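Trainee: Can you read through this structure? Questions will come right after.
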Amino acid sequence: MNHPVIYMDHAATTHIGKPALDAMLPVLENDYGNPSSLHALGQRAAHLLSSARTEIAGCLGAFSDEIYFTSGGTESDNWALREIARMGAESGKKHMISTAFEHHAILHTLRRLKEEGFEVTLLDVHEDGLVRPEELEAAIRPDTCLVSVMYANNEIGTIQPIGELGAVCKQHGVLFHTDAVQAAGHLPINVKEQNIDLLSLSGHKFHGPKGIGALYCRRGIRLTGLIEGGAQERGKRAGTENIPEIVGMAAALSDACAHMDARNEKTLALRERLIDGVLSSVPRCRLNGDRTRRLPGNANFCFDGIDGEALLLRLDLEGICASSGSACTAGSLDPSHVLLALGLSRETAGGSLRLTINEENTEEEVDFLLRRLPVMIASLRKMSPAWKEMNGAK
Ligand code: PLP
């Protein structure tokens, strides 16, 4: 595929890859049956649906009857939290634990649950962007019904010790959900080995289509469902299934898992070139999050004395697509809640840049960025009252 731009915003979304497209096009053209219909065309769609479910389950180490299709990561997150809240309330357990740097799909659902009478403990995230299992253990109470910790952060890319967190939850008999939207297709996942009870993923983060996702829910957890209507998804999630997108997401996830190691190796080498280059060429700059325990394609920096939004516009003029914080909060002038959760000041957090690359990026693209970025930052600093103040200039 010919990119007209240098795309370094893969955490926001990815283009549809060939495996997904090849799987989707014949379905879009020919297999328009409704999987609930009894005739041959409907049954063909039902077969596609069932194969896709098996494929996704295989990528997660799950059983196929543990996979439910949704409209994306947001719905999966909402569903998981609301279902467990309902179950918790039934047994008098109204305490939930999560972290301060989750995606808003989690944080805003928790805020709503709090309004409905739940108690929520948000674990501190350390400056390295990692949650400590012993701090999770200390926060668990007899009335805790759910722990939800994201697998990999969407802004700073840090990877949580999910297996250890899952083990703590299992030991204390508390259900464990992880938002794996940024991890699925990029990091190995085995829900059984990692003691994950519920997991959310989204197709568009691994070269699948947008508007499609899945919720894994361990056998034995009695889901009821958020959306009322027909008996689709074994009566748990009503609405005619989006077969082309489901098929595309399954093909994309299989492809991502099959080539994960080779792609990650290439991406990692590019990321190291990028991080080393930025840290050595831009003064007064910091890398956010642990240097190694982060997604292979994630680099997130703060530059003193500049406005992240202004930098993004400069980069865009040169054809470089990047992000400051998460795309979901773009347009808002509030500094990233993730960077604030790491303990950064509002001023420092306001000068952030997230570059998320993958194996399709090239050394030439990284080098182009490394040539242009220091010039842009120097020019922005020249005009910045904050930079002048920091440096004691009149
Ligand atoms: N969770 C995380 C960590 C994300 O990065 C995103 C999307 O950016 C979501 C949830 C929401 O996923 P979706 O866009 O599929 O609703």
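The values are calculated or read from the model by the stated rules, or taken from the named source; none is laboratory data. Treat the numbers as computed from the prediction; the structure is a model and nothing was measured. Cβ placement follows ideal geometry from the backbone for every residue including glycine, while neighbour counts extend to all protein chains displayed. Keep in mind that these areas ignore ligands, DNA and RNA; they rest on the heavy atoms of the full protein, side chains included. Shrake-Rupley method; radii C 1.70, N 1.55, O 1.52, S 1.80 Å.
Trainee: Can you give the Rg and Dmax of the range 275-315 based on its C-alpha atoms, in angstrom?
Mentor: Just the Cα atoms of the range 275-315 yield Rg and Dmax of 11.0, 30 Å.
Trainee: Could you list the trypsin sites (Lys or Arg not before Pro) in the range 144-233 that lie in coil according to DSSP, counting only those with at most 14 other Cβ atoms within 10 Å of their Cβ?
Mentor: Filter output for the range 144-233: 192, 219, 222.
Trainee: At what distance in nm do the modelled label points of residue 367 and residue 291 sit from each other, each positioned 7 Å from its Cα along Cα→Cβ?
Mentor: Here the answer is 2.4 nm between the modelled labels.
Trainee: Please give the FRET efficiency for residue 29 paired with residue 231, using the beta carbon to beta carbon distance and R0 = 25 Å, rounded to the nearest 0.05.
Mentor: Working: r = 28 Å, r/R0 = 1.10.
Plugging the Cβ-Cβ distance into 1/(1 + (r/R0)^6) gives 0.35.
Trainee: In the chain, what percentage of the DSSP-assigned beta bridges are antiparallel, given to the nearest 5? Mind dumping the intermediate values first?
Mentor: Working: 20 of 37 bridges.
Expressed as a percentage, antiparallel bridges in the chain total about 55.
Trainee: Moving on to the next point. By how many degrees, 0 to 90 and rounded to 10, does the Cα axis of helix 40-60 deviate from the longest principal axis of the chain?
Mentor: In the chain, helix 40-60 runs at an angle near 50 degrees to the longest axis.
Trainee: Output wanted: per-residue J couplings in Hz (rounded whole) for the range 199-207, from phi through Karplus 6.51 cos²θ - 1.76 cosθ + 1.60, θ = phi - 60°, x for Gly and Pro.
Mentor: In residue order, the calculated couplings are 8, 10, 9, 9, x, 7, 8, 9, 6 Hz.
Trainee: At a 1.4 Å probe, what is the % contribution of carbon and sulfur to the accessible area of the chain? Display every interim value, and only then the final one.
Mentor: On the way: 8990 of 16640 Å².
Carbon and sulfur: 54 percent of the exposed surface of the chain.
Trainee: Evaluate the Kirkwood expression for the hydrodynamic radius of the range 235-394, namely the inverse of the mean inverse distance over all pairs of different C-alpha atoms, and round to one decimal in Å.
Mentor: The Cα-based Kirkwood calculation yields 17.6 Å.
Trainee: Taking a ≥ b ≥ c as the square roots of the eigenvalues of the Cα gyration tensor of the range 122-240, is the shape rounded (a/c under 1.5), prolate (a/b larger than b/c) or oblate?
Mentor: Working: a/c = 2.22, a/b = 1.31, b/c = 1.70.
Cα axes put the range 122-240 in the oblate bin.
Trainee: Please compute, over every Cα-Cα pair in the range 216-258, the percentage with a separation greater than 14 angstrom.
Mentor: The proportion of pairs with Cα distances above 14 Å equals 62 percent.
Trainee: Using only the C-alpha atoms of the range 1-156, find the volume of their convex hull and express it per residue in Å³.
Mentor: In the range 1-156, the Cα convex hull volume per residue is 174 Å³.
Trainee: With the other protein chains left in place, how much accessible area per residue, in square angstrom, belongs to the range 271-394 at a 1.4 angstrom probe?
Mentor: Accessible surface, normalised per residue, equals 46 Å².
Trainee: Then there's this: For the chain, what is the convex hull volume of the alpha-carbon atoms per residue, in Å³? Numbers along the way, then the final one.
Mentor: On the way: hull volume 54.6 nm³, N = 394.
About 139 Å³ per residue, rounded to a whole number.
Trainee: Taking loop as defined by DSSP and a crowding limit of 14 other beta carbons within 10 Å, which GluC sites (Glu not before Pro) in the range 222-264 fit?
Mentor: 228
Trainee: Further, regarding this structure: What accessible area per residue comes out for the range 1-114, rounded to a whole number of Å², with a 1.4 Å probe?
Mentor: 44
Trainee: In percent, what relative contact order does the range 70-162 have, based on Cα pairs under 8 Å that are 6 or more apart in sequence?
Mentor: Once normalised by length, the contact order is 34 percent.
Trainee: As I understand it, the value is the acute angle between the Cα axis of helix 104-115 and the longest principal axis of the Cα atoms of the chain; what does it come to in degrees, rounded to 10?
Mentor: Helix 104-115 and the main axis of the chain meet at about 70 degrees.
Trainee: Using the Karplus equation 6.51 cos²θ - 1.76 cosθ + 1.60 (θ = phi - 60°), what ³J(HN,Hα) coupling, rounded to whole Hz, does each residue of the range 350-365 give in order, writing x for Gly and Pro?
Mentor: Each residue of the range 350-365 in turn: x, x, 9, 9, 10, 10, 10, 10, 9, 5, 7, 5, 10, 4, 4, 5 Hz.
Trainee: Same structure again: What are the residues whose amide H is under 5 Å from the amide H of residue 97, where those residues sit 5 or more places off or on another chain and H is modelled from the backbone?
Mentor: Here 121, 146, 147, 148 satisfy the definition.
Trainee: Same structure, new question: May I ask you to give the average projected area over all directions of the convex hull of the Cα atoms of the range 55-141, in nm² rounded to one decimal?
Mentor: Averaging across all directions leaves 7.3 nm² for the Cα convex hull.
Trainee: If I fit a long axis through the Cα atoms of helix 18-29 and take the longest principal axis of the Cα atoms of the chain, what angle between them do I get, 0 to 90°, rounded to 10?
Mentor: For helix 18-29, the angle is close to 50 degrees.
Trainee: A further question on this structure: Determine the alpha carbon to alpha carbon distance for each of 114/170; 93/192; 114/205; 170/205; 93/114 and list only those over 18 Å. Present the calculation step by step, with values, prior to reporting the outcome.
Mentor: On the way: 114/170 24 Å; 93/192 25 Å; 114/205 30 Å; 170/205 29 Å; 93/114 13 Å.
Pairs exceeding the cut-off: 114/170; 93/192; 114/205; 170/205.
Trainee: Also: I want to verify the translational diffusion coefficient of the range 1-59 in µm²/s; compute it with Stokes-Einstein, Rh as the Kirkwood radius over Cα pairs, at 37 °C and 0.692 mPa s.
Mentor: 238
Trainee: Using Cα-only point scatterers and the Debye equation, what is log10 of I(q)/I(0) for the range 82-122 at each q in 0.25, 0.33 Å⁻¹, rounded to two decimals?
Mentor: -0.82, -1.24
Trainee: Taking the range 290-388, which chymotrypsin sites (Phe, Trp or Tyr not before Pro) meet the DSSP loop condition and have no more than 16 other C-beta atoms within 10 Å? Each step should come with its number before you reach the end.
Mentor: Values: sites: 301, 303, 368, 387; in loops: none.
Those that pass, being in a loop and sparsely packed, number zero.
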